[in-house]
1. Of the residues Ser88, Ser115, Ser123, which is of a type in the set (Gly, Ala, Ser), in a helix (DSSP H, G or I) and either at pLDDT 85 or above or within 30 Å of Asp338 (Cβ to Cβ) (or both)?
2. Could you pull out the residue among Arg18, Arg50 that is within 29 Å of Glu334 (Cβ to Cβ), part of a helix (DSSP H, G or I) and without any contact (Cβ under 8 Å) to a residue 40 or more places away in the chain?
3. For the range 97-120, how many residues meet the condition of being over 14 Å from the mean Cα position of the chain (by Cα) and farther than 21 Å from Arg265 by Cα?
4. Can you name the residue in the range 1-15 that is farther than 17 Å from Arg361 by Cα and in a loop (DSSP other than H, G, I, E, B) and, of all such residues, is modelled with the highest pLDDT?
5. Would you please list the contacts, defined by Cβ atoms under 7 Å and residues six or more apart or on different chains, that run from a residue in the range 323-338 that is among the small types (Gly, Ala, Ser) to a residue that is outside any loop (DSSP other than H, G, I, E, B)?
Amino acid sequence: MPASDRTSAHDPDEQLARLRSLCRLRSIAIYREQALYLQILRDELEPALRQALFSLISETDPLRFSQLPEANRTRFHAAVQRLINRCSVLLTVEQQMHLAGQMQKEQLRRHTRASQQMLQELSEAAEQQGGETDQHQPPAPGPARGSVELSLIPPLDQPQRFGFPPRPAAQQQPLPQQQPPQHQPSPPERGEADSSADQGDMDVLRSLFQLAGEALQQQVGSAVVPLPGGADDASADNANLLPTMPDALLQWMEAMDLALSRRLRNLSHAVNVQLLRSGMAQALLPVTLLEAVLSGQIETQSAPSNLLRLRLPLAMGDLDPGMDVLCVLMRSSEFEFDSHRLRRCRRRLRDQHRELLKMVRQQRHWERRCLDREARNPWQTSFDPSPQSPGD
């Protein structure tokens, strides 16, 4: 084995360059699989949605649709067809990348608002704590409650003690300052060190949140999905716009899945609105509830494919436990369950995802080696003994 090959096998920069070239080749295959998946989904979208609507109408009230006027039925079918056509046009890799970028920017804005709100709450807490510290300053030392006070000042000089109004200010004379009794220790005062320590803690927390917000902005900004220049480019040209490192390409695949889920959720909500307008639905679930179902936060009941059945706790009587709501909710997992072509595409995408995970582990290893070398070289250089001159 040549010495150059042995050296390159342990060189972090060389290994990262090889990973980048392998990732560029793998991104072409991932792009093609993703485009094929979306093409099959466009073909399966209309029949799957029509079947879901038929199941919903059959389970809720079969006679309600037939009792509608012919004009209303025609208008409903036309509205559903427009929604399907609009969604089919958007089910491309380029449009999904654009939606993924919008979702990442939305997440960045949400995190920014949360960090700003946290900083504001910290500032208000610091101001409130400072005000309470000023209010709770210990009073001037004086006689304890219940003790006997011996004073040379006659009681007539202090008539307010006996319920009489105080004397005018012109008739009052300055009173000698009294010292507290020697047998009672003065209460401990809050030192400036404690208040400065509390203020320092609040400043540290505020700085930490500011640094976390800046790091989050840099992380999300660097992970924004690049948008292609045109929709007529070849697959290889589009793949060059994909990330060239394994970790970024893995995030790109996950962002595409989230964008597809958002696209189908928007279509489902639009169809549910049309059902409510036509009078074939009695309730409309909000988008936040649909999002909670997709994230697994709400338990659902058994329902046909691409339908959602929820039991809402809206009791109408003592014996009624709640109300069942049935609506449309398109999900990629149910599309794959009904279509063997989508299942095969998803299996190949999962294989690519698994290979990317291995490449990400290798990337992390060589990046740590590179950082270790960058930190070790200056350290060794600083402690390298300089050669002495012959005269010494």
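1. Working: Ser115 fails: either at pLDDT 85 or above or within 30 Å of Asp338 (Cβ to Cβ) (or both); Ser123 fails: either at pLDDT 85 or above or within 30 Å of Asp338 (Cβ to Cβ) (or both).
Result of the check over Ser88, Ser115, Ser123: Ser88.
2. Of Arg18, Arg50, the one residue that is within 29 Å of Glu334 (Cβ to Cβ), part of a helix (DSSP H, G or I) and without any contact (Cβ under 8 Å) to a residue 40 or more places away in the chain is Arg50.
3. Number of matching residues: 5.
4. Selected residue: Pro2.
5. That search, which allows pairs on different chains as well, returns Ser332/Leu260; Ser332/Ser261; Ser332/Leu264.
Results for (1) farther than 28 Å from Met103 by Cα; (2) part of a loop (DSSP other than H, G, I, E, B); (3) touching a residue at least 60 places away in the same chain (Cβ under 8 Å); (4) in contact with a strand residue (DSSP E or B) (Cβ under 9 Å, 6 or more places away or on another chain), shown as yes or no for each residue.
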position	(1), (2), (3), (4)
Asp257	no, no, yes, no
Leu260	no, no, yes, no
Leu264	no, no, yes, no
Asn272	no, no, no, yes
Met280	yes, yes, yes, no
Thr288	no, no, no, no
Ile298	no, yes, no, yes
Ser305	no, yes, yes, no
Arg309	no, no, no, yes
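Residue-by-condition table, conditions (1) aromatic (Phe, Trp, Tyr); (2) modelled with pLDDT of 95 or more; (3) within 30 Å of Asp247 (Cα to Cα):
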site: Glu33; (1), (2), (3): no, yes, yes
site: Leu49; (1), (2), (3): no, yes, no
site: Phe65; (1), (2), (3): yes, no, no
site: Thr74; (1), (2), (3): no, no, no
site: His77; (1), (2), (3): no, no, no
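The values are calculated or read from the model by the stated rules, or taken from the named source; none is laboratory data. Worth saying up front: this structure is predicted, and the values here are computed from it rather than measured. Cβ sites come from the backbone with ideal geometry, for glycine too, and all protein chains shown count toward neighbours.
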